[in-house]
Amino acid sequence: MSKLWGGRFTKSTNELVEKETASIGFDYQLAEEDIQGSLAHVKMLAKTGIIEQAEADLIEQGLNKVFQKFKDNELEFTDANEDIHMNIEHALIEEIGPVGGKLHTGRSRNDQVATDMHLYLKKHTEQLICLMNDVQRAIIELSENHVETILPGYTHLQRAQPVSFAHHMLAYFWMFQRDKDRLKDSLKRISWSPLGAGALAGTTFPIDREFTAAELGLDFVYPNSMDAVSDRDFILEFMSSASIAMTHISRLSEEMVIWMSQEFQFIELDDSFCTGSSIMPQKKNPDVPELLRARTGRVNGNLIGLLTVLKGLPLAYNKDMQEDKEGMFDTVHTLTTSLQFLAPMISSMTVNADRMKNAVDTDFSNATDIADYLVDKGIPFREAHEVIGKIVLHCIQNNQFLLQLELADYKMFHEAFESDIFETLKPESVVSARKSTGGTAPKAVSKQLELAKSFLN
Ligand code: ARG
């Protein structure tokens, strides 16, 4: 098959080279953006008088037809046409004849592919922000029902202090809030337009780059053509934001897996998000959060992959850059589906408040509060800490918890104990006492919830 760039060549391409250098197998995903970019470009070519209006009209109609064929799955792509750009140009010329060849005036595939990716990431970043909103909304709805649900809070995965379940879940709300902010901020740089940079040096034609940028909804024109065609920062930035978001998703997923274990039984995920075992009939496995946890690995890998491709690359375009795409598509797909899983999984899970409460009733997570109690009575914190350590040890040796001791037992360890110690030690009191801003007391959590809601609107 003859190539769009065939003029200079006397031999045809080696078969394996043709197959392996072609990117159409994955960059067909840029078809819509490629056509969008071409439509803006051709409009500009006519406006500036570089081509006739009638020619531009023909090209525009042709591009729309090609797009329709693409949507109807009727467009035939070939490795011989290498990538989405040449496949579409080829289809256009087949559709409207040689005038289609005027589309590529004053443009190169180098600024074209960069433009496509800017448009692609802009669309997907906006979609991902919406999906993060859905997850945050699910967290808020769940939290509203569990401000007063108490479970152990952990450090080192050891029971530390009891907390409100809403408080625990809202921690994730703020992680996703920062993830959204990162994506929103990166939109500033995603919205730069490389179109019109040409191969690397600009073009001899009197093009209007501001016009095409505005047509495409991009709000800044790269001031340097060499930077325009070789910049992939915006993809790196997207991938690193995605890695951070997936890290958050993996942490929440891990908690879901632990919470659903027989040992915890704090939550149960809906059947629709779990699978069974082919041999053990009793099993209900939390496959979805397990997969989300694991997929963080590929998203991190995609980031490191592209960083490594770009490291040490000379200006301007190099074929190496074609390797930017598969990782980007995979990261977009993985983060998108992970968020799509997460929102309904949160909304549909069962919270086992009794199990959670039972856990705090049978642990020492109220120990800090006895220390604070003694401090209130004027005893230095260090001394109080030592006393409580001894009380806890006494309990462990006698198979008891702090609320099961008698006042006389307490008095053995320190004079200052009175009967109000028992009220202080109830998990509800322990939680309610932490009413500092950002603390776990129901009052503080309700305030936090209001703030969270105001961020969503
Ligand atoms: N398929 C190529 C890529 O994705 C498009 C740009 C090709 N440019 C070139 N000079 N070969 O990077």
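Read-outs throughout are calculated quantities, based only on the coordinates presented, and are distinct from any laboratory measurement. Source: prediction; values computed, not measured. For neighbour counting, all protein chains shown are included, and Cβ atoms are generated from backbone atoms with ideal geometry for every residue, glycine included.
Starting from segment 220-277, pick out the GluC sites (Glu not before Pro) whose DSSP state is loop and whose Cβ has at most 16 other Cβ atoms within 10 Å.
Numbers: sites: Glu237, Glu254, Glu255, Glu263, Glu268; in loops: Glu263.
Qualifying residues, ordered by number: Glu263.
For the chain, find the longest principal axis of its Cα atoms and tell me its angle to the long axis of helix 381-397, 0 to 90°, nearest 10.
That helix lies at roughly 80 degrees to the long axis.
With the cut-off at 20 Å, report for segment 348-457 the share of all Cα pairs above it, as a whole percent.
Numbers: 2987 of 5995 pairs.
Of all Cα-Cα distances in segment 348-457, 50 percent exceed 20 Å.
Within the chain, what is the longest stretch that has no trypsin sites (Lys or Arg not before Pro) placed in a DSSP loop and near at most 15 other beta-carbon atoms within 10 Å? Each step should come with its number before you reach the end.
Numbers: sites that count: Lys11, Lys283, Lys284, Lys311, Lys377, Lys435.
Within the chain, the longest run free of exposed trypsin sites (Lys or Arg not before Pro) spans 12-282.
List the GluC sites (Glu not before Pro) within segment 110-190 that fall in a DSSP loop (any state other than H, G, I, E or B) and whose Cβ has at most 15 other Cβ atoms within 10 Å. Walk me through the intermediate numbers first.
Numbers: sites: Glu126, Glu141, Glu144, Glu148; in loops: Glu148.
Here the sparse-neighbourhood loop sites are Glu148.
So for segment 106-187, what are the equivalent ellipsoid semi-axes in whole Å, largest first, each being the square root of 5 times an eigenvalue of the Cα gyration tensor? Walk me through the numbers before you get to the answer.
On the way: eigenvalues 339, 38, 10 Å².
After scaling each eigenvalue by five and taking roots: 41, 14, 7 Å.
Counting other Cβ atoms within 10 Å of each Cβ, which GluC sites (Glu not before Pro) in segment 362-442 have at most 14 and sit in a DSSP loop? Please report the intermediate quantities before stating the final value.
On the way: sites: Glu383, Glu386, Glu406, Glu415, Glu418, Glu423, Glu428; in loops: Glu406, Glu415, Glu418.
Counting only loop positions with at most 14 other Cβ atoms within 10 Å, the GluC sites (Glu not before Pro) in segment 362-442 are Glu406, Glu415, Glu418.
At q = 0.07 Å⁻¹, what is the log10 ratio I(q)/I(0) for the chain, with the Debye formula run over Cα points and no solvent?
Once normalised to I(0) and log-transformed, intensities are -0.53.
Run the Debye formula on the Cα coordinates of segment 15-105, all scatterers equal and no solvent, and tell me log10 I(q)/I(0) at q = 0.19, 0.24 1/Å.
For segment 15-105, the Cα-only Debye profile gives -0.82, -1.16.
Taking the Cα centre of each part, how many Å lie between segment 114-168 and segment 24-84?
Using only Cα atoms to place each centre, the spacing works out to 40 Å.
With a cut-off of 8 Å between alpha carbons and a minimum separation of six or more residues, what is the relative contact order of segment 363-441 in percent? Don't skip to the end; give the middle numbers.
Working: 65 pairs, mean separation 24.9, N = 79.
Relative contact order here is 32 percent.
With N set to the residue count of segment 147-213, report its C-alpha Rg divided by 2.2 N^0.38 Å to two decimal places.
Details: Rg = 24.7 Å, N = 67, 2.2 N^0.38 = 10.9 Å.
For segment 147-213, the normalised Cα radius of gyration is 2.27.
Select from Gly378, Gly439, Phe401 the residue farthest towards the positive end of the dipole of segment 363-441; place +1 on Cβ of Lys and Arg, -1 on Cβ of Asp and Glu, and compute about the Cα centre.
Going by the charge dipole, the pick is Gly439.
Just want the answer: with Cβ charges of +1 for Lys and Arg and -1 for Asp and Glu, which residue in Trp5, Ser348, Phe266 is farthest toward the dipole's positive end in the chain?
Trp5
List the pairs from Lys123/Lys180; Lys19/Lys69; Lys123/Lys319; Lys19/Lys65; Lys71/Lys319 whose alpha-carbon separation is above 21 Å, in the order I gave them.
Numbers: Lys123/Lys180 14 Å; Lys19/Lys69 24 Å; Lys123/Lys319 25 Å; Lys19/Lys65 27 Å; Lys71/Lys319 29 Å.
Listed pairs above 21 Å: Lys19/Lys69; Lys123/Lys319; Lys19/Lys65; Lys71/Lys319.
Suppose a student asked you for the relative contact order of the chain, using Cα pairs under 8 Å spaced at least 6 residues apart; what percent would you report?
Details: 610 pairs, mean separation 74.0, N = 457.
Result for the chain is 16 percent.
Which value in deg cm²/dmol, rounded to the nearest 500, describes the helix-derived mean residue ellipticity at 222 nm for the chain, given -39,500 (n - 2.57) per DSSP H run of n ≥ 4 and division by the residue count?
Working: 19 runs with 279 residues, N = 457.
Result for the chain: -20000 deg cm²/dmol, rounded to the nearest 500.
With an 8 Å cut-off on Cα pairs and a minimum separation of 6 or more residues, tell me the relative contact order of segment 15-105 in percent. Let's see the in-between values first.
Numbers: 84 pairs, mean separation 37.4, N = 91.
Contact order relative to length: 41 percent.
Which aspartates and glutamates, if any, have their Cα less than 19 Å from the Cα of Lys411, not counting same-chain residues under 8 positions apart?
In chain and number order, the partners are Asp369, Asp372, Asp376, Glu383, Glu386, Asp420, Glu423.
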